[in-house]
2 protein chains.
Amino acid sequence: MKPSMTYEEFQEKVGTGILTQNGNCPVTPVVQMLQGKWKLQIIYELCIQSPLRFGQLKKLLTPITNTMLTTALKELEADGLIRREQFNEIPPRVEYSLTEKGKDLLPVFYAIAQWGLTYIP
Amino acid sequence: MKPSMTYEEFQEKVGTGILTQNGNCPVTPVVQMLQGKWKLQIIYELCIQSPLRFGQLKKLLTPITNTMLTTALKELEADGLIRREQFNEIPPRVEYSLTEKGKDLLPVFYAIAQWGLTYIP
DNA sequence: GTACCAAGTCACAAAATTCTGCGTACTTGA
DNA sequence: TCAAGTACGCAGAATTTTGTGACTTGGTAC
């Protein structure tokens, strides 16, 4: 898979204003959304297997703590990237999966992965 | 510009092992490389105009401090994304520009920007 | 002789992020 | 009765990230 755009094409786009300058760049908030020690890994695991329960995620992401997993999941849900489904059974069960918005992020990840495979030994 | 890959295609790739599981994902180190309050903005400015001198960057990124700019530039240089050229003149002059490796990141940024423009109001 | 420029460095302080260790409420199985 | 699992919440500590203000070096302008 080829990069979808050259540097020169990108520069042209910048000229058109689709990427606006200084403080209003649409890239920054996306990267911020993915910051945090665990978020990417959570999305990655949900991409491999979905849905996943709290305890399953915890095992996969060992040595993550309860607190960290809870807050990361909450933030990802607030950003609309994952869906939380609660089943009122005994014992309680909660399932997490990617939303469409979250799935649409995957081509981006793939582009990043391609770059990573080229440049990271 | 369409996303270069669907969720299903991505999942297939995962199956092939090109994206390896748990702790060896090639996406994570890339996102980590771009973390930090200023790095993305520095790359962005260098994409708009290049080369740029330390003082020019500082003005563009106001209110960044010397320390922050220095460390961010150092890390970006260590990661091979930008090039630092020092001219031993009086007064001294240093110029920063993107490397090929850095430029190759731009299609990724564009993909992210597309997602951002779709999903961020 | 005082001040300024460039591109930083240094020691430290403040703020944000992450972790630790506990506690909750409920039930099942031995 | 006792431990174990499920899905968390909370207070405070530790760690990491970010910011502050002064200082450097050698020349040039006032």
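The values are calculated or read from the model by the stated rules, or taken from the named source; none is laboratory data. The model shown is predicted, which means the values in this text are computed figures rather than measured ones. Please note: Cβ atoms are built from the backbone with ideal geometry, for glycine as well, and neighbour counts cover all protein chains shown.
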* Can you name the condition, by its number, that A:Glu45 falls short on among (1) out of contact with any strand residue (DSSP E or B) (no Cβ under 7 Å at 6 or more places or on another chain); (2) more than 15 Å from DNA strand C (Cβ to nearest atom); (3) of a type in the set (Asp, Glu)? -> (1)
* **Which numbered condition A:Phe54 misses (of (1) surrounded by fewer than 19 Cβ atoms within 10 Å (Cβ to Cβ); (2) within 13 Å of the chain's Cα centre (by Cα); (3) of a type in the set (Phe, Trp, Tyr))** => (2)
* Qualifying positions in region B:36-56 - within 13 Å of DNA strand D (Cβ to nearest atom) and closer than 18 Å to B:Phe109 by Cβ -> B:Gly36, B:Lys37, B:Trp38, B:Lys39, B:Leu40, B:Gln41, B:Ile42
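Answer yes or no as to whether A:Leu69 is facing chain B (nearest Cβ under 9 Å), under 25 Å from B:Ile120 (Cα atoms), surrounded by 13 or more Cβ atoms within 10 Å (Cβ to Cβ) and of a type in the set (A, V, I, L, M).
Spelling it out, it is not the case that A:Leu69 is facing chain B (nearest Cβ under 9 Å), under 25 Å from B:Ile120 (Cα atoms), surrounded by 13 or more Cβ atoms within 10 Å (Cβ to Cβ) and of a type in the set (A, V, I, L, M).
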* Do the conditions hold for A:Arg83, that is, is it touching a Ser or Thr at 6+ places or on another chain (Cβ under 7 Å) and within 14 Å of DNA strand D (Cβ to nearest atom)? -> yes
* Kindly list the number of the only condition in (1) buried (at least 18 other Cβ atoms within 10 Å of the Cβ); (2) facing another protein chain (nearest Cβ under 8 Å) that fails for A:Met33. => (2)
* Which listed residue, of A:Lys101, A:Lys59, is out of contact with any Lys or Arg (no Cβ under 9 Å at 6 or more places or on another chain) and away from DNA strand D (no atom under 14 Å from the Cβ) -> A:Lys101
* Which one of these does B:Thr62 not meet: (1) within 14 Å of chain A (Cβ to nearest Cβ); (2) buried (at least 16 other Cβ atoms within 10 Å of the Cβ); (3) hydroxyl-bearing (Ser, Thr, Tyr)? -> (2)
* **Test set (1) modelled with pLDDT of 90 or more; (2) within 16 Å of DNA strand C (Cβ to nearest atom) - B:Leu105 fails condition number** => (2)
* Would you call A:Leu76 more than 10 Å from chain B (Cβ to nearest Cβ) and closer than 26 Å to B:Gly116 by Cβ? -> yes
* Search region B:60-75 for residues being among the β-branched types (Val, Ile, Thr) and assigned to a loop (DSSP other than H, G, I, E, B), and hand back the single one that is nearest to DNA strand C (Cβ to nearest atom). => B:Thr65
* Structure fact -> With the first residue restricted to region B:109-121 and required to be closer than 15 Å to A:Leu81 by Cα and more than 7 Å from chain A (Cβ to nearest Cβ), and the second required to be among the hydroxyl-bearing types (Ser, Thr, Tyr) and surrounded by fewer than 18 Cβ atoms within 10 Å (Cβ to Cβ), Cβ contacts under 6 Å at 6 or more apart or on different chains are none
